[in-house]
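**Q** Structure in structure tokens, see below.
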Amino acid sequence: MTMTGERRSSSTDAAILEMVRRRTVTTRVEISRELGVTPATVTYAVKRLLAAGLVVEAGHARSNGGKRASLLRLNDRARWAIGCTIGSDRVSVVAVDMTGALRSRAVVPLGAGAEAGDVAHVLDRALSMMEQDRELPTTTGIGFALPQGGAGSTARLYSALSESLPHPTVSAASPLCAALGSFWSGEQPEAGLTATVHVEEGIGLALLRDGAPLLRAGTVARSTMDHLCVDPAGPPCRCGGRGCLHQYSSSRAIARAAELREGLAERLGLALTEASTESDAVLVAVAAAQGDELAQEALEPALTALAQASWGLASALAVDTVVFSGAALQAAAGLVREALAEHFASRSAATGHAIDVRVSQVQPHPGSVGAAVLALQTFMDPSPAIRS
Ligand SMILES: [Zn+2]
């Protein structure tokens, strides 16, 4: 078999697995019809997937005259994947099964200036915590969500880690992982173009078309919303521009806005260190959601700038749904959605293109869930596009 042939059959397998996952149960005829491939191709591919234990027969469809078609469903216990986000001060780990369902999760704190050895240790602890809950049968691999905008240290940690871990690993930028996690958790429409705007130390964008990444993983890693101008008269930025989005909406900017408000940082117990920006921003968001007016004032400019930049992009790309994710935004989901949706609605009134605004609710971290999904998909579809 040629390389192209192998690749083609593996992408057929992946498409079938994805369709069976979405439908819960389906038949060979439905697969053939929906994917537009010949019944013979489907028969052959399903035989391969049955042999690999990835799908199982699940009884028969109700007869409508002819021979009753046998139903197929995913064998959810066949494969597991681990997803991991290495934050500046914590490691968040999840385990998902074949269907993308979250089976186990753990969040373990990470000391400042951690080395690969420390992360490996933390990961080990997290894995053993999860294995206590239930045995994890066949872990296919570990996906890592690499945060954007943080020091290059995460990428260095990841490459050191991936060499020492016993499982195969794959990584992608956290906006892409957040988008996949959100899609697999059913937060995004199955069809069409959706944008995920992910806010952490940096602000990133990932686009999915019918659930598949529109840009290659490597391209998403280079893509950033950080330097979109939201105020030409704003403060100068290191990029040479002024009033760039990250100066208002990154977790660092949110923490700094809180620091500038009399007594707020002390009251909320913000650590205000290099490594704490993400957790500081979460504390501000939680207080804002609980009605703390100073915290709301600190959060407001971040949301206004974020709405401005995101609406412009979504409108340019004719996106129907924008999902916002990131620890701080998710900590104040209701308030954040209201503010963003109001901005989107008022501007969309002028263009006539309504855009649905959502805030991701995937816990503990959509990036971790998405990274696990990425590991599953890498196993299902070993195409080079998704491999980092
Ligand atoms: Zn800039």
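**Q** Tally up the residues in the stretch 50-73 that are in contact with a strand residue (DSSP E or B) (Cβ under 6 Å, 6 or more places away or on another chain) and within 27 Å of A179 (Cα to Cα), please.
**A** Summing the residues that are in contact with a strand residue (DSSP E or B) (Cβ under 6 Å, 6 or more places away or on another chain) and within 27 Å of A179 (Cα to Cα) in the stretch 50-73 gives 2.
**Q** Does the stretch 218-277 hold any residues that are within 27 Å of A145 (Cβ to Cβ) and acidic (D, E), and which are they?
**A** Scanning the stretch 218-277 gives D226, E274.
**Q** Just one of (1) within 16 Å of the ligand (Cβ to nearest atom); (2) modelled with pLDDT under 95 trips up A275, so point out which.
**A** The failed condition is (1).
**Q** Under the condition of being of a type in the set (S, T, Y) and assigned to a helix (DSSP H, G or I), which residue from the stretch 241-267 is surrounded by the fewest Cβ atoms within 10 Å (Cβ to Cβ)?
**A** Selected residue: Y248.
**Q** Please tell me if Q148 is within 15 Å of the ligand (Cβ to nearest atom), under 14 Å from the mean Cα position of the chain (by Cα), outside any strand (DSSP E or B) and in contact (Cβ under 8 Å) with a residue 24 or more places away in the chain.
**A** Criteria met by Q148.
**Q** Follow-up. Being in contact with a Cys (Cβ under 8 Å, 6 or more places away or on another chain), assigned by TED's automatic domain parsing to the domain that holds E200 and either within 14 Å of the ligand (Cβ to nearest atom) or more than 18 Å from Q330 (Cβ to Cβ) (or both) is true for just one of R267, R242. Which residue is that?
**A** Criteria check complete, one pass: R242.
**Q** Checking R256 against (1) modelled with pLDDT under 95; (2) under 18 Å from S88 (Cβ atoms): exactly one of these is not met. Which one?
**A** Checking R256 against (1) modelled with pLDDT under 95; (2) under 18 Å from S88 (Cβ atoms), the one that fails is (1).
**Q** Just to be sure before I move on: is L374 part of a helix (DSSP H, G or I), in contact with a helix residue (DSSP H, G or I) (Cβ under 8 Å, 6 or more places away or on another chain), of a type outside the set (G, A, S) and surrounded by 24 or more Cβ atoms within 10 Å (Cβ to Cβ) in the structure I sent?
**A** Considered against the rule, which asks whether it is part of a helix (DSSP H, G or I), in contact with a helix residue (DSSP H, G or I) (Cβ under 8 Å, 6 or more places away or on another chain), of a type outside the set (G, A, S) and surrounded by 24 or more Cβ atoms within 10 Å (Cβ to Cβ), L374 comes out as yes.
**Q** Counting only residues that are closer than 26 Å to L176 by Cα and either assigned to a loop (DSSP other than H, G, I, E, B) or among the β-branched types (V, I, T) (or both), which one in the stretch 221-237 is farthest from the ligand (Cβ to nearest atom)?
**A** For the stretch 221-237, the residue satisfying everything is S223.
**Q** Being within 16 Å of the ligand (Cβ to nearest atom) and among the hydrophobic types (A, V, I, L, M, F, W, C) narrows it down to one residue among A289, A285, A298, A309; which is it?
**A** A309
**Q** Name, by its number, the condition in (1) at positive phi; (2) under 21 Å from the mean Cα position of the chain (by Cα); (3) within 14 Å of the ligand (Cβ to nearest atom) that does not hold for R252.
**A** (1)
**Q** Can you find a residue that is at pLDDT 80 or above, crowded, with 20+ Cβ neighbours inside 10 Å and not assigned by TED's automatic domain parsing to the domain that holds Q330 anywhere in the stretch 105-116?
**A** There is at least one residue in the stretch 105-116 that is at pLDDT 80 or above, crowded, with 20+ Cβ neighbours inside 10 Å and not assigned by TED's automatic domain parsing to the domain that holds Q330.
**Q** Answer yes if at least one residue in the stretch 294-314 is over 24 Å from L214 (Cβ atoms), in the same structural domain as G211 (by TED's automatic domain parsing) and of a type in the set (D, E), and no otherwise.
**A** Looking through the stretch 294-314, at least one residue is over 24 Å from L214 (Cβ atoms), in the same structural domain as G211 (by TED's automatic domain parsing) and of a type in the set (D, E).
**Q** Between residues in the stretch 212-229 that are over 19 Å from G241 (Cα atoms) and residues that are assigned to a strand (DSSP E or B) and away from the ligand (no atom under 16 Å from the Cβ), which pairs lie under 6 Å by C-beta distance while being six or more apart or on different chains?
**A** Close Cβ pairs (under 6 Å, with a partner that is assigned to a strand (DSSP E or B) and away from the ligand (no atom under 16 Å from the Cβ)) amount to L214/L207; A217/A172; V220/A173; V220/A206; A221/A173.
Condition check ((1) assigned to a helix (DSSP H, G or I); (2) on the phi < 0 side of the Ramachandran plot) across all residues:
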position: C177; (1), (2): yes, yes
position: F183; (1), (2): yes, yes
position: G186; (1), (2): no, no
position: E190; (1), (2): no, yes
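The values are calculated or read from the model by the stated rules, or taken from the named source; none is laboratory data. Please read these numbers as outputs of a predicted model, since none were measured by experiment. All Cβ positions, even for glycine, are placed from backbone atoms using ideal geometry, and neighbour counts span all protein chains on display.
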